[in-house]
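Presented below is the structure to which this report refers.
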Amino acid sequence: MSKSGSCLCGAVTYTLNETPKEFGACHCDMCRKWSGGIFLGVQASSDKTTVHGAENLTIYTSSPWAERAFCKTCGSSVYYRVTAPGPHEGEYHFGAGTVDDLGDLPLTGELFIDNKPGGYSFAQKTHQMTTEEVMALFAPPE
């Protein structure tokens, strides 16, 4: 079963041809600035994802290993995509708020937990990774 999503104005739409099983949160400085708070994302592989209206996206290379896309018209943060060579290359992380229906997908993990502001926390326990752990997983070796 697939899931669909879009930006606020509908100029960009996408279909996830594999139903996600979970979503996660990122507390890094870039995600907080990009999303206005916690970035909640749904992971999808590039070979099982179709993006329509890509000409309406602005792509910003935010680090040596990733890019972020937002709608040129409404400004919605649409996705974060890993660009570094390796097992995660091409992997999308669509903003959970852009998914048409999250249903009962569970929030299972938090990245950059050591950057999380102290004023909030999630009710359920999640798998938590520090900056050092995330960088070891995603950042390309120097």
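The single residue among Gly41, Gly10, Gly24 that is assigned to a loop (DSSP other than H, G, I, E, B) and among the small types (Gly, Ala, Ser) turns out to be Gly10. Scan segment 69-99 for residues that are over 18 Å from Thr13 (Cβ atoms) and touching a Phe, Trp or Tyr at 6+ places or on another chain (Cβ under 7 Å) and jot them down. Residues satisfying the conditions are Val82, Thr83, Ala84, His88.
Yes or no, residue by residue, for (1) at pLDDT 95 or above; (2) of a type in the set (Asp, Glu); (3) in contact with a Cys (Cβ under 7 Å, 6 or more places away or on another chain); (4) buried (at least 20 other Cβ atoms within 10 Å of the Cβ):
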position: Thr15; (1), (2), (3), (4): yes, no, no, no
position: Thr19; (1), (2), (3), (4): no, no, no, no
position: Gly37; (1), (2), (3), (4): no, no, no, no
position: Trp65; (1), (2), (3), (4): no, no, no, no
position: Cys74; (1), (2), (3), (4): yes, no, yes, no
position: Ser121; (1), (2), (3), (4): no, no, no, no
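When residues in segment 93-115 are screened for being surrounded by 15 or more Cβ atoms within 10 Å (Cβ to Cβ), in a loop (DSSP other than H, G, I, E, B) and at pLDDT 95 or above, 1 of them pass.
When you go through Val51, Val134, Val78 one by one, which is the residue that is in contact with a strand residue (DSSP E or B) (Cβ under 6 Å, 6 or more places away or on another chain) and assigned to a helix (DSSP H, G or I)? Spell out how you get there, then give the answer.
Numbers: Val51 fails: assigned to a helix (DSSP H, G or I); Val78 fails: assigned to a helix (DSSP H, G or I).
The match here is Val134.
Within segment 77-92, does at least one residue satisfy the condition of being in contact with a Gly (Cβ under 6 Å, 6 or more places away or on another chain), crowded, with 17+ Cβ neighbours inside 10 Å and under 27 Å from Ser2 (Cα atoms)? Scanning segment 77-92 turns up at least one residue that is in contact with a Gly (Cβ under 6 Å, 6 or more places away or on another chain), crowded, with 17+ Cβ neighbours inside 10 Å and under 27 Å from Ser2 (Cα atoms).
The values are calculated or read from the model by the stated rules, or taken from the named source; none is laboratory data. Worth saying up front: this structure is predicted, and the values here are computed from it rather than measured. Using ideal geometry, Cβ is built from the backbone for each residue, glycine included, and neighbour counts are taken over all protein chains shown.
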